[in-house]
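Structure first, commentary second.
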Amino acid sequence: MSNLYNRAAGAVKETVGNITGNERMKEEGEKLTDNARGSNKLAEEQREAEQKKNEVKDDPSLNKAGGAMKQAGGNIKKQTGKALGNEGMQASGADMAAEGKGGQIRQDERMNK
């Protein structure tokens, strides 16, 4: 059922419960109304979060910084793997550093367009 329907049904049940003195019906109406309000608020918060996520995703400076952090983390992992003699960790770190550097290059290209 839709939130609008639940709010309306809740309001009707609550009103009928008040008029008839039926506490159970009144409480059911209150619950329906509260649930519908909560669902509306949740949907609104999800839309706002998605909008903020898109703003961050489209901010070249933030994406470039993220690439630099990934590159630095990859270099640390690569050096740790080298120090431990762990070739898998070393290769994984090199891949991670390359991905970070690639992200920075793509952001530079976007910013210079």
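What the table below lists for this structure:
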read-out: Net charge of Cβ neighbours under 14 Å - reference GLY29; Lys, Arg +1; Asp, Glu -1; value: 0
read-out: Inter-probe distance in nm under a simple model that places probes 7 Å from Cα toward Cβ, at LYS82 and GLU99; value: 2.1
read-out: Length gained when the stretch ASN54-ALA8 is fully extended (0.36 nm per residue, less Cα-Cα span); value: 13.1 nm
read-out: Sparsely packed GluC sites (Glu not before Pro) within segment 2-33, loop by DSSP, other Cβ within 10 Å at most 15; value: none
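Only the coordinates and a few stated rules stand behind these numbers; no lab work does. Since the model is a prediction, treat every value here as computed from it, not as a measurement. Reconstructed Cβ throughout: ideal geometry from the backbone, glycine too, with neighbour counts over all protein chains shown.
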